[in-house]
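See structure below.
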2 protein chains.
Amino acid sequence: MTSIEIVEVGARDGLQNEPDILPTATKLQMINFAIAAGVRRIETASFVNPRRVPQMADAEDVMAGLPDTDAVTYIGLVLNERGAERALATKVHELGAVAVASDSFAMRNQGQTSAESVEVAKRIVDMAKAAGRSGQITISAAFGCPFDGEVDPDHVVAMAAALAEANPREIALADTIGVAVPSQVKALIGRVRAAIGTIPIRAHFHNTRNTGLANAWAALEAGAATLDSSLGGLGGCPFAPKATGNIPTEDLLYLLHRSGVATGIDLDAMIGTGQWLSNVMGRPLPAMLSRAGNFPPSPAHSGAGA
Amino acid sequence: MTSIEIVEVGARDGLQNEPDILPTATKLQMINFAIAAGVRRIETASFVNPRRVPQMADAEDVMAGLPDTDAVTYIGLVLNERGAERALATKVHELGAVAVASDSFAMRNQGQTSAESVEVAKRIVDMAKAAGRSGQITISAAFGCPFDGEVDPDHVVAMAAALAEANPREIALADTIGVAVPSQVKALIGRVRAAIGTIPIRAHFHNTRNTGLANAWAALEAGAATLDSSLGGLGGCPFAPKATGNIPTEDLLYLLHRSGVATGIDLDAMIGTGQWLSNVMGRPLPAMLSRAGNFPPSPAHSGAGA
C-alpha cells in the first residue's frame, strides 16, 4: 500500500460530544483549514435531532457556508430518512448512514434494532443515489458494544453482506468505543472483505484504550482503502459511555507518511491547524504530534525544536 | 506468538526524569505491586552518577530493600564499568548495558562515542558473566536521534553484530525518543534478527508520537521475544529533549491479552497499581486503561463501569 485516503471527521464526530457548542463560523474555519491542508473527503455535519445532539443543530448553516466545489467530498451523517431528506436539501456530496452491530447500542443511538438499522441504511443509500449523490454505510460498534459487551463477528459479516446489496460507495467498520486490537481488526476486515465483493472498506477507530493507531495500521495492512481520523484527536459519542477521541489526524499522518504511505495531506499544516483548534477549545487535545513535533523536523518548522 | 515476556521499566526509565524524587519505600512498593501482579523481570534501578540523575541516587537502597528471590529477575542499568561494579555489589540478577546508535546522543547520555559505547557494553556483559549474573545490551536511539535526526539502519545492524560477539542474554532496540513507525520496526528487527543468530531480541518504545503500541505489536510480529513497558506510561530520558513516556504497561497488556498473547501478568491488578501510582505522583498518567477500564469489563471490577 503506497497511498491511503483519509476522511477528516473532526467537524462531526470530533465536535458532537463537546459540552460547548462551537459557532458555525469556527466550524467553517476548521473545515476550510483542513481543505487547505489537502484533505479531500470530510464529514462536515450530521443531520440528526438537534435536541439530542445540539452541537449539530447548525448542519444546514455549515453546509451553506462551505465553498462550492466538487474537488472535496462533503459527507453528511444521517440516521434515518428524515435526516437524509434534510441532508439532500443541502450541497452534501455523500450521505453517511449507520448500521449498528448490537441492538442495545442501535436503540440508544438511533431508536432502531440492529436489523432495522440495516434496512434504514440501505434505504438511505437508495435515497442518495436517487438524488444523484453517493451513499456509504458505517457498521457501528463492530468490535464491541458499550452495553452488550462482545459483538459476534459472524453478525457483523452478515450485516456487511446484507448492506452490500444496496451497493454503497463503501462499507466502514467502526470501533465506536475503542476496544479493538490489531489482530481483531485484521480478522474482521479479512472476513468482511470476502463477503462484500469489490466494495471498498473504510475503518474508523477511537483511541480510548491506546490501540487506535495500531488498529489503523492493521486495517491498512488488511486492505482498508480509507481511514477516518479527527483533527487533534477530538471525539466521542454522546450515546456511548466513556467513548473518547477518534484517532488524531496529525498522529495518523505521521505514522503513514514515515511509513511511505502517501495521503495528499500536509502534516505540518495539520499540526498548525490542530494547535489552532486546541486554542479554540481552550485545552490540550489528545494529538501528540502538536506537542512532540514532526521527525525529522521539517526545515520550515524546526526553529522551535531541539 | 501466543506469549511474550514483559520487562517492567517504570521504577527506572519511568521515574528517572521525574522532577520530584520518590522515597525509596515508595519505589519498593511500586516494584512489589508489580511482582504481586505477576511481573517476573523488572528494571529496578540504574547505577549512574547521582549528580546527573538524582532520582536514581538510592539504587543500592532499592536493591537492599527488595525481596530475596530468584523467581524475579532484577535488572540494574549501567553505563560504564564503575556502574557495573556498583550494581554487582548488590543482588541484581542482570546488568543492562546501553550502546548508543548516534555519537551526539552517546556523548550526552554517557560521555562516549557510539563506537566506545559498543566496547563498554561488551565489557559490562563480560563483567556480569564473570560475577555469575547475566548481561544484556540495549541499542539506544536505534530509530532516530534527538540531535542527529535519522539513524542509518546499516549502523544499527553493524552494532548489533558487534555486540553479539559478547553473547549477551539479549539485544534490545530502543526508540528512545518515540519516532519509530511499525514498518521501520519490522524492517530493523528483521535485519538485526538475521545479524545476531539466536540471541533473543527485546524492543523498547516510547509513545511520544502515539505510535508506541503500534510499534510494540509490529515488534511482536517481527519476532521480538520481550517488550519493555512502564506502569502508567511514566517515562522520559533526562538527556533526550521532549522524550515522553514509555508505552504504558496497562495498555500494552490490554492489547496483548485481547489478542490472545499471554504475559502472565494480571491486567486488573496492574490497572489498580497504575491508579495507585497516579495518586502517588499527584496527576493523571498517560495509561488509558485506568480511565477507560478493561473490556469486556472483568466481573470482579465491573461495578463502576457502564
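The table that follows gives values for the structure above.
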{"item": "Estimated inter-spin distance, residue B:154 and residue B:104, nm [label 7 Å along Cα→Cβ]", "result": "2.1"}
{"item": "Region A:64-110 and region B:40-95: distance between their alpha carbon centers, rounded to Å", "result": "59"}
{"item": "Per residue, the convex hull volume that the Cα atoms of the protein assembly as shown enclose (Å³)", "result": "140"}
{"item": "Centre separation in Å (Cα based) which lies between region A:157-214 and region B:123-172", "result": "40"}
{"item": "Segment residue B:21-residue B:298, extension gain: residue separation times 0.36 nm, minus the distance between their alpha carbons", "result": "96.3 nm"}
{"item": "Rounded to 5, the percent of DSSP beta bridges in chain A classed as antiparallel", "result": "5"}
{"item": "Label spacing, shortest first and in nm, from residue B:3 to its equivalents in the remaining copies (7 angstrom along Cα→Cβ)", "result": "4.7"}
{"item": "Region B:5-304 - convex hull of alpha carbons, volume per residue in Å³", "result": "117"}
{"item": "Other copies of residue A:23: label-to-label distances in nm, shortest first, labels 7 Å along the beta-carbon direction", "result": "5.3"}
{"item": "Order of exposure, largest accessible area first, which applies to B:58, A:103 with probe 1.4 Å", "result": "A:103, B:58"}
{"item": "Beta bridges per DSSP with both ends in the protein assembly as shown, % antiparallel, nearest 5", "result": "5"}
{"item": "Dipole of chain A, positive end: most advanced residue of A:183, A:149, A:87 [Cβ charges, Cα centre]", "result": "A:183"}
{"item": "Region A:5-286: relative contact order in percent, alpha carbon pairs under 8 Å with at least 6 residues between", "result": "19"}
{"item": "Total formal charge among the other residues, if their Cβ is under 9 angstrom from that of residue A:162, Lys/Arg +1 and Asp/Glu -1", "result": "-1"}
{"item": "Loop-resident sites, region B:143-210, for GluC sites (Glu not before Pro), counting at most 12 other Cβ within 10 Å (DSSP)", "result": "B:150, B:165"}
{"item": "In Å, descending, principal axis extents of the Cα set of region A:91-197", "result": "37, 30, 22"}
{"item": "Unit charges on C-beta of K, R, D, E only; dipole of the protein assembly as shown, Debye", "result": "100"}
{"item": "Cα Rg, Dmax, region B:1-102, angstrom units", "result": "13.3, 43"}
{"item": "Accessible area (Å², 1.4 Å probe, nearest 10) - residue B:217", "result": "30"}
{"item": "Rotation relating B and A, chain A residue nearest the axis via C-beta, angstrom", "result": "A:214, 2"}
{"item": "Across the identical copies, how the residue B:61 labels are spaced - nm, sorted shortest first, 7 Å along Cα→Cβ", "result": "6.2"}
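The values are calculated or read from the model by the stated rules, or taken from the named source; none is laboratory data. No experiment lies behind these values; they were computed from the predicted model shown. Don't worry about glycine lacking a Cβ; one is built from the backbone with ideal geometry, like all the others, and counts go over all protein chains shown. These area figures cover heavy atoms from the full protein model, side chains too; ligands, DNA and RNA do not enter into them. Shrake-Rupley method; radii C 1.70, N 1.55, O 1.52, S 1.80 Å.
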